[in-house]
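Chemist: Once you've had a glance at the structure underneath, I'll fire off some questions.
Just so you know, all these numbers are worked out from the coordinates, no wet-lab data involved. Not measured: the values here are computed from a predicted model. Heads up, the Cβs are rebuilt from the backbone with ideal geometry, glycines too, and the neighbour counts pull from every protein chain shown.
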Amino acid sequence: MIRWKNYPRSVLAVLLAIHMLAHIDRNMLLGFSPQITKDLALSNAQYGLLVGAVWVLSYGVMAVFMGTLADRTSRTRVMAVGMLIWSVCTAASGAAQNFEQMVAARFLVATGEAALVPAAVSLLTELFGAERRSTAVGVFFMGIPLGVGFSFLLAGTLGATQGWRGTFYLLGLIGVVIAACLLLFKDRRDAHEASPCGAPFVQQVRSTLDAIRITPAVLWTIIGFAVVNVAFAGLSFVQLWLVRERGFDAAAIARQIGLLQIVFGVLGAAVGGVLGDRVGNRMRGGHANVIVAMILLCSPLMVAYRFAQPGSTLFYIGMCASFFLPLALYGPALAVMHASTAPQMRSTVTGIAMLLVNIFAIAVGSAAVGAISDRLNAAGSSHALTTALLGTDLLVIVSAGVFLLVAAKVRATNPSPAGEHIAPQWQRSQ
């Protein structure tokens, strides 16, 4: 059998490709938002529910369950089965004829995709040492901007010939083939780990929550990380905003968003990961201070973007900053969480973080943007989406000023990652 764990860079490249495909499948709703909302007669609120609450009801909860499963069993098998589920249901999304059918299909897409991040990040943490961990995780999360970017590019190119339904069918087929190949790779835990596997679901969740509670750096980082991701709620509406309130052509702006998301999202993931390893490991407060610095640098540009003249230099600088910032935070934020977490809890911790991100940032954020903009539209506002999206930008700034500064202060006071040496409660009781 191929000892694939001896090739960590190749593993990282494969996981990056899978992560990219996951976000293409997830974000095709954004790339085709004008067409899908028209064909299915969706309101802003219904669209907000589709990209927000519907996704979270499945992804958020299942991320925790899949995280505990990945801590106990084969991470590659967990990822493969999840990929098979989301790919079949991506194809089913293309057959949806109304809001209810699309809800059912996207709910199950989210169920499958919930398996990927907790298992993959845990695997990368095992394969890469602490001095390269933030960079490796940052590279993995390049899959988000690449996926989002290519979803818009596909909508603006392939969508013109295949339509949004045909594009969904094709993506589903590609995912099924890759999932079948992934099943061939077996995941055996490292023999040097004293307790390589986690506990059954309820015990594992309880033990992990206890570990988070007694580790303030992890707790505040998770909270701040969740709030920062409200920026993705704004991204869900960016094309609708640019078309409806800034006068851009839907197909043309889809291609621009795709290209800029790829370039600056990838740049953000790379810069954030590298800075986390090269700067965060040397400064008081560590990776958390790197996160705060990047938020304070980018947030004013993101706010200015909402008011700048469409097509102006400031407009595009702000747009690029909005694509750069969220991805720049993943590498250092997850490095903070995993540095102070026992190896057999890392997938579960990641799952809990993804649950909070999806509940408070994606679901509540997207639903709020949709509902607020619908109400402002009904009141006669011509800048309803601008007002709602400005609120998401301000929440990103608040996360830096409150939660992540606290995390940085805690790390400066107690920099040692002692969590790796603390046995979980379920083990201590045996």
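Chemist: For region 335-405, taking Cα atoms only, what is the radius of gyration to one decimal and the Dmax to the nearest whole Å?
Modeler: 16.8, 54
Chemist: Could I ask something else about it? Sort H383, H19 so the one with the fewest other Cβ atoms within 10 Å of its own Cβ comes first.
Modeler: Ordered by Cβ neighbours within 10 Å, fewest first: H383, H19.
Chemist: Separate question: Hey, can you rank 168-177, 23-32 by average C-beta count inside 10 Å, highest first?
Modeler: 23-32, 168-177
Chemist: Check which residues have an amide H placed less than 5 Å from A199's amide H, if you skip close sequence neighbours.
Modeler: Result for A199 returns Q204.
Chemist: Residue separation times 0.36 nm, minus the C-alpha to C-alpha distance between Q162 and S312: what's the value?
Modeler: Difference between extended and current length: 50.7 nm.
Chemist: What is the helix-to-structure angle for 346-356, meaning the angle in degrees between its Cα long axis and the longest Cα principal axis of the chain, kept from 0 to 90 and rounded to the nearest 10?
Modeler: 30 degrees
Chemist: Another one. Starting at the first residue of region 245-257, write each ³J(HN,Hα) from the Karplus equation 6.51 cos²θ - 1.76 cosθ + 1.60 with θ = phi - 60°, in whole Hz, x for Gly and Pro.
Modeler: 10, 10, x, 7, 6, 4, 5, 5, 6, 4, 5, 5, 4
Chemist: Any chance you could give the angle, 0 to 90 degrees and rounded to 10, that helix 53-72 forms with the longest Cα principal axis of the chain?
Modeler: Helix 53-72 sits roughly 20 degrees off the main axis of the chain.
Chemist: For helix 313-328, report the angle its Cα long axis makes with the longest principal axis of the Cα atoms of the chain; keep it between 0 and 90° and round to the nearest 10°.
Modeler: 30 degrees
Chemist: Let me ask something additional. If you take the alpha carbon radius of gyration of region 308-371 and divide it by 2.2 N^0.38 Å, what ratio comes out, to two decimals?
Modeler: Taking N as the residue count of region 308-371, the ratio is 1.54.
Chemist: Can I ask one more? How are the Cα pair distances of region 210-279 distributed, in percent, across 10 Å bins from 0?
Modeler: Taking all Cα pairs of region 210-279, the binned fractions are 16, 31, 29, 17, 7, 0 percent.
Chemist: Then there's this: Need the full-extension length gain, L394 to W4, defined as separation in residues times 0.36 nm minus the C-alpha distance. One decimal, nm.
Modeler: 136.0 nm
Chemist: Let me ask another. For an R0 of 22 angstrom, estimate the FRET efficiency from the Cβ-Cβ distance between A17 and V176 and round to the nearest 0.05.
Modeler: 0.90
Chemist: Still on this model: To the nearest 20 debye, what is the magnitude of the charge dipole of the chain about its Cα centre, counting +1 on the Cβ of each Lys and Arg and -1 on the Cβ of each Asp and Glu?
Modeler: 680 debye
Chemist: Quick one: 3J(HN,Hα) in Hz for region 155-168, Karplus 6.51/-1.76/1.60 with θ = phi - 60°, rounded, Gly and Pro as x.
Modeler: 5, x, 10, 4, x, 5, 9, 9, x, 5, 5, x, 5, 5
Chemist: Report the one residue of G234, F99, T221 whose Cα lies farthest in the direction of the positive end of the charge dipole of the chain (charges on C-beta: Lys and Arg +1, Asp and Glu -1; origin at the Cα centre).
Modeler: Final value for the positive-end residue is T221.
Chemist: How large is ³J(HN,Hα), in whole Hz, for each residue of region 260-267 in order, when computed from phi with the Karplus curve 6.51 cos²θ - 1.76 cosθ + 1.60 and θ = phi - 60°, using x for Gly and Pro?
Modeler: 5, 5, 5, 5, 8, x, 4, 4
Chemist: Restricting everything to alpha-carbon atoms, can you work out Rg to Rh for region 146-253 with a Kirkwood hydrodynamic radius?
Modeler: Taking Rh as the inverse mean 1/r over Cα pairs, Rg/Rh reads 1.14.
Chemist: How far apart, in nanometres, would the label points at L209 and R375 be if each is projected 7 angstrom from Cα along the Cα-to-Cβ direction?
Modeler: Placing both labels 7 Å beyond Cα along the Cβ direction yields 3.1 nm.
Chemist: Given 25 °C and 0.890 mPa s, compute D for region 195-245 with the Stokes-Einstein relation, Rh being the Kirkwood radius over Cα pairs; round to the nearest whole µm²/s.
Modeler: Estimated via Stokes-Einstein, D reaches 176 µm²/s.
Chemist: Mean separation of Cα pairs under 8 Å and 6+ residues apart, divided by the residue count of region 137-266: what relative contact order is that in percent?
Modeler: 60 percent
Chemist: Which shape class applies to region 252-353: rounded if a/c is under 1.5, otherwise prolate when a/b exceeds b/c and oblate if not, where a ≥ b ≥ c are the square roots of the Cα gyration tensor eigenvalues?
Modeler: Verdict is prolate for region 252-353.
Chemist: I've got another one for you. Going by how many other Cβ atoms sit within 10 Å of their own, how do W55, W4, W220 line up, fewest first?
Modeler: W4, W220, W55
Chemist: Within region 69-143, report the GluC sites (Glu not before Pro) that DSSP leaves as loop and that have at most 11 other Cβ atoms within 10 Å.
Modeler: Answer in residue order: E131.
Chemist: Packing-wise, with mean Cβ within 10 Å as the measure, how do 388-397, 85-94 rank, highest first?
Modeler: Highest mean packing first, the order is 85-94, 388-397.
Chemist: If R0 is 56 Å, what FRET efficiency do you get for Y169 and A304 from their C-beta distance, rounded to 0.05?
Modeler: The value I calculate is 0.85.
Chemist: Under the √(5λ) rule applied to the eigenvalues of the Cα gyration tensor, what semi-axes describe the equivalent ellipsoid of the chain? Give them in Å, descending.
Modeler: They are 33, 25, 19 Å, listed largest first.
Chemist: Going by the alpha-carbon gyration tensor, a ≥ b ≥ c the square roots of its eigenvalues, is region 54-140 rounded (a/c under 1.5) or, if a/c is not under 1.5, prolate (a/b greater than b/c) versus oblate?
Modeler: prolate
Chemist: Any idea how far apart R278 and E100 come out in nm if each label point goes 7 Å out from Cα toward Cβ?
Modeler: So the two model labels end up 5.6 nm from each other.
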